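Colleague: Dumping the structure here so I can ask a few things about it.
Just so it is clear, none of the values below were taken in a lab; they were calculated from the coordinates. Source: prediction; values computed, not measured. When we count neighbours, we look across all protein chains shown, and the Cβ atoms used for this are built from the backbone with ideal geometry, even at glycine.
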Amino acid sequence: MEPIDLELEEGELELPSEPMHLNMGPSHPAMHGTVRIVLELSGENIMKADVQIGYLHRGFEKMCERGTWAQVFPYADRLNYVSPMLNNVGYALAVEKMAGLVVPDRCQWYRMILGELARISDHLTCTGAMAMELGAITPFLWWIKGRELVWDILEEETGARLTHSFGRIGGMAKPPTTQLKDLIRNGVPTILHLLEEGEKLLLKNRIFIDRLENVGVISGADAKALGWTGPCLRASGVAYDIRKSHPYLKYDEVDFDVPIGARGDTMDRFLVRLAEIRQSARILLQCVERMPDDGPVNCDDPRFVLPEKMDVYTTIEGTIQHFKLIMEGAKVPAGECYSYTEGGNGELGFYLVSDGSGTPHRVRIRPPCFPIVGGLEQLITNRMLSDIVPTFGSLNMIGGECDH
Amino acid sequence: MSKLVLEKLAAKLGDKLRETHSHFGDDTALVAPDAWHEAAQLLRDDPALDFDLFVDLCAVDYPSRAEGRFEVVLHLYSTTKRHRVRLKTRVGDEEGNGADLDTLTDVWSGANWFERETFDMMGVVFRGHPDLRRILMYPEFEGHPLRKDYAANHTQPLVPYRTEEDAGTILEKVAPFGTDEGMAFGRKWFERGPTS
């Protein structure tokens, strides 16, 4: 056969050089949560990226200014809906800081148990979803199975799988159930086993590793200036974990390590999250050993804590206390305070301003993934289009929290 | 809590530091608006302070104040010295005008989105910000939703609500909140009604 001689003009071979604009999201399988990235591409290279959030804005802060202090809990649930218990406890601790309350020991251990369960669920979801977006569906299914286990325990405790609304000012809604300790002792090894199985599939996979390593690198100093906290900051080598640096609840009494990464790339963020699940499991088992089986869960402070239902119906004091707390709300002392806890994604802060009435003057949430997503643009500019998916996945954006 | 941070600020800023307190154990410094950038720079660059982690920036609305209606609040942390500080300043008059402030994006890059959010929610303008757009609300949105005089039941739909003629039936549009809803004790701005 004779070769086809096309005799093309030189000019016709030139590729179009104008940058191409591409909208990624807000409805895109890899943009879990709702985020839109407007990209300017040259070939497959990203010249410019504009990350746009706000598609899930629900006016959390405005709504909080309309109810009582206690009515914020259901809203707090819906911020980070993968680990709502951490938000509940974070908000409760913030109000308690203003009110000068310290919850009983049993409640502190209980809050730690529920919080660590939520953290495990958060990390399993994030790492699993990230692997799934890169095409690895099996580890996702296994890790979601692990999350299911966590949610079963939380359902047993709180009655709800996702939005528990279980925190209260000065305690929790209910004392721990009798089977909690057994559920955790049985559940934790299963979760760790599932974690290991999923890990085996991924961490020896050349394709997976190549897509993660040296992608989305950020230095510790840059990450700090951006306001990154949590696993993403620790992956960049900054060992800042609020549970260790400024222990709250009983975190100073349990033994755990703070895993940190070396390079600050996507792989490190992935590995740090996996390591943190193991640390959370360690904390859980210690908490189970140390949580007393009986004793009060709520503070004994009628200004903030609702009375027993039996007292409400049988005594006049109980009725009045209940009425005042429900109708007027607990009166939190006037002033301002910033309280911070370690959420699933990093420092979850609540800045509260009270005018001394039963309604918050201002509830400001400092969502950990807001600054983290703010740094996304920096991570993906001058990278390839396909790097967005693992990079974005490793940041663990939670729409409800990021968009308030 | 160490008083070091507040003492350092007092020594450097002089009378531009309006007041300090440590309520609930949070060290707080209120500075004059023109010392905002200077104070932030000092907090980051002084080796004894070394505030390297940008934590939070937001604004609080105090509608009753004639001068300095908006309080812009900055939270910082130092990962090396392990201390925190809250830096505040007051801007804007009673109507919310003249609320502008120097940007901190050149001090901490993380200030970028937080300043956009504060602008979006409260209408505080940051001078010198590279890209001061709305971030949570859509560009067509009018007003600043977290201001106390923005009624919570006020809506601004991008697509107009269906009218009864269009639908051919009676529609009762229920706003997510009524003005009489919630705990309105001691809240005077409810009585003003929606601002539209």
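Colleague: According to the Kirkwood expression over distinct Cα-Cα pairs, how big is the hydrodynamic radius of segment A:238-324, in Å? Could you put the intermediate results ahead of the total?
Modeller: On the way: mean 1/r = 0.0597 Å⁻¹.
16.8 Å is the Kirkwood radius here.
Colleague: If you wrap segment A:140-244's Cα atoms in a convex hull and average its projection over all directions, what's the area in nm²? Don't skip to the end; give the middle numbers.
Modeller: Working: hull surface 38.5 nm².
The directionally averaged projection comes out at 9.6 nm².
Colleague: Can you give the charge dipole size of chain A about its Cα centre, rounded to the nearest 20 debye, using +1 on the beta carbon of Lys and Arg and -1 on the beta carbon of Asp and Glu? Please report the intermediate quantities before stating the final value.
Modeller: Working: 40 positive and 56 negative charges, 363 e Å.
Using Cβ point charges on Lys, Arg, Asp and Glu, chain A gives about 1740 debye.
Colleague: How many Å³ per residue does the convex hull of the Cα positions in the protein assembly as shown occupy? Can you show the working numbers first?
Modeller: Working: hull volume 128.4 nm³, N = 600.
Taking only Cα atoms, the protein assembly as shown has a hull volume of 214 Å³ per residue.
Colleague: Still on this structure, please answer the following. Tell me, what ³J(HN,Hα) does each residue in segment A:345-356 have, in order and in whole Hz, if you take phi through Karplus 6.51 cos²θ - 1.76 cosθ + 1.60 with θ = phi - 60° and put x for Gly and Pro?
Modeller: Per residue, the Karplus-derived 3J(HN,Hα) values read 9, x, 5, 9, x, 10, 9, 10, 10, 10, 9, x Hz.
Colleague: Next up: Over the Cα atoms of segment A:101-167, what radius of gyration and what Dmax do you get, in Å?
Modeller: 14.3, 48
Colleague: Arrange B:ASP100, B:ASP26, A:ASP403 by Cβ neighbour counts within 10 Å, fewest through most, would you? Before the final figure, lay out each step's value.
Modeller: Working: B:ASP100 15, B:ASP26 19, A:ASP403 25.
Least crowded to most crowded, the residues run B:ASP100, B:ASP26, A:ASP403.
Colleague: What angle, in degrees between 0 and 90 and rounded to the nearest 10, separates the Cα long axis of helix A:105-133 from the longest principal axis of the Cα atoms of chain A?
Modeller: Roughly 20 degrees between the two axes.
Colleague: Right, something else. Give, as a single signed number, the net charge of other residues whose beta carbon lies under 11 Å from the beta carbon of A:ARG362, with Lys and Arg counted +1 and Asp and Glu -1.
Modeller: Numbers: positive: A:LYS62, A:ARG364, B:LYS148; negative: A:GLU61, A:GLU65, A:GLU336, A:ASP355, B:ASP61, B:GLU71.
Surrounding charge for A:ARG362 is -3.
Colleague: Of A:LYS324/B:LYS148; A:LYS97/A:LYS244; A:LYS97/B:LYS88; B:LYS88/B:LYS148, which ones are farther than 23 Å apart at the Cα?
Modeller: Values: A:LYS324/B:LYS148 25 Å; A:LYS97/A:LYS244 19 Å; A:LYS97/B:LYS88 20 Å; B:LYS88/B:LYS148 19 Å.
A:LYS324/B:LYS148, as the Cα separations exceed 23 Å there.
Colleague: For segment A:63-391, evaluate the Debye formula with one uniform point scatterer on each Cα (no solvent term) and list log10 I(q)/I(0) at q = 0.12, 0.15 Å⁻¹, rounded to two decimals.
Modeller: Ignoring solvent entirely, the Cα scatterers give -0.84, -1.23.
Colleague: Sticking with this structure for a sec: Hey, what do the phi angles of segment A:255-270 turn into as Karplus ³J(HN,Hα) couplings, whole Hz, using 6.51/-1.76/1.60 and θ = phi - 60°, x for Gly and Pro?
Modeller: Along segment A:255-270, the couplings run 9, 7, 10, 10, x, 10, x, 10, 9, x, 9, 4, 4, 5, 5, 5 Hz.
Colleague: Answer with one residue from B:GLY92, B:GLY25, B:LEU42: the one whose Cα lies farthest towards the positive end of the charge dipole of chain B, charges on Cβ with Lys, Arg +1 and Asp, Glu -1.
Modeller: It is B:GLY25.
Colleague: Then there is this: When the helices in chain A are scored as -39500 (n - 2.57) per DSSP H run of 4 or longer and the sum is shared across all residues, what 222 nm value do you end up with, to the nearest 500 deg cm²/dmol?
Modeller: Details: 17 runs with 190 residues, N = 404.
Only helices count here, giving -14500 deg cm²/dmol.
Colleague: Further question on the same structure: Dipole magnitude of segment B:110-158 about its Cα centre, charges +1 at Lys/Arg Cβ and -1 at Asp/Glu Cβ only, in debye to the nearest 20?
Modeller: Values: 6 positive and 7 negative charges, 20 e Å.
Dipole about the Cα centre, nearest 20: 100 debye.
Colleague: What angle, in degrees between 0 and 90 and rounded to the nearest 10, separates the Cα long axis of helix A:180-202 from the longest principal axis of the Cα atoms of chain A?
Modeller: Taking Cα atoms only, the helix is inclined about 10 degrees.
Colleague: Taking a ≥ b ≥ c as the square roots of the Cα gyration tensor eigenvalues, with a/c under 1.5 meaning rounded and otherwise prolate when a/b beats b/c, else oblate, which class fits segment B:1-51?
Modeller: On the way: a/c = 1.78, a/b = 1.13, b/c = 1.58.
Oblate.
Colleague: If only Cα atoms are counted, what is the Rg of segment B:4-127, and what is its Dmax, in Å?
Modeller: 13.7, 42
Colleague: Quick check on my link table: of A:LYS145/A:LYS200; A:LYS62/A:LYS250; A:LYS145/A:LYS181; A:LYS174/A:LYS331, which ones sit more than 26 Å apart, alpha carbon to alpha carbon? Could the numbers behind the result be given before it?
Modeller: Details: A:LYS145/A:LYS200 16 Å; A:LYS62/A:LYS250 33 Å; A:LYS145/A:LYS181 20 Å; A:LYS174/A:LYS331 22 Å.
Pairs exceeding the cut-off: A:LYS62/A:LYS250.
Colleague: Ok, one more. Could you tally the net charge around A:ASN382, taking each other residue with its Cβ under 12 Å from the Cβ of A:ASN382, Lys/Arg +1 and Asp/Glu -1? Write out the running numbers ahead of the final one.
Modeller: Working: positive: A:LYS48, A:ARG383; negative: A:GLU40, A:GLU44, A:GLU377, A:ASP387.
Computed value for this residue: -2.
Colleague: Which ³J(HN,Hα) values in Hz, rounded to whole numbers, follow from the phi angles of segment B:116-132 under the Karplus curve 6.51 cos²θ - 1.76 cosθ + 1.60, where θ = phi - 60° and Gly and Pro get x?
Modeller: Running phi through 6.51 cos²θ - 1.76 cosθ + 1.60 with θ = phi - 60° gives 4, 5, 5, 5, 5, 7, 10, x, 7, 8, 9, 5, x, 5, x, 7, 7 Hz.
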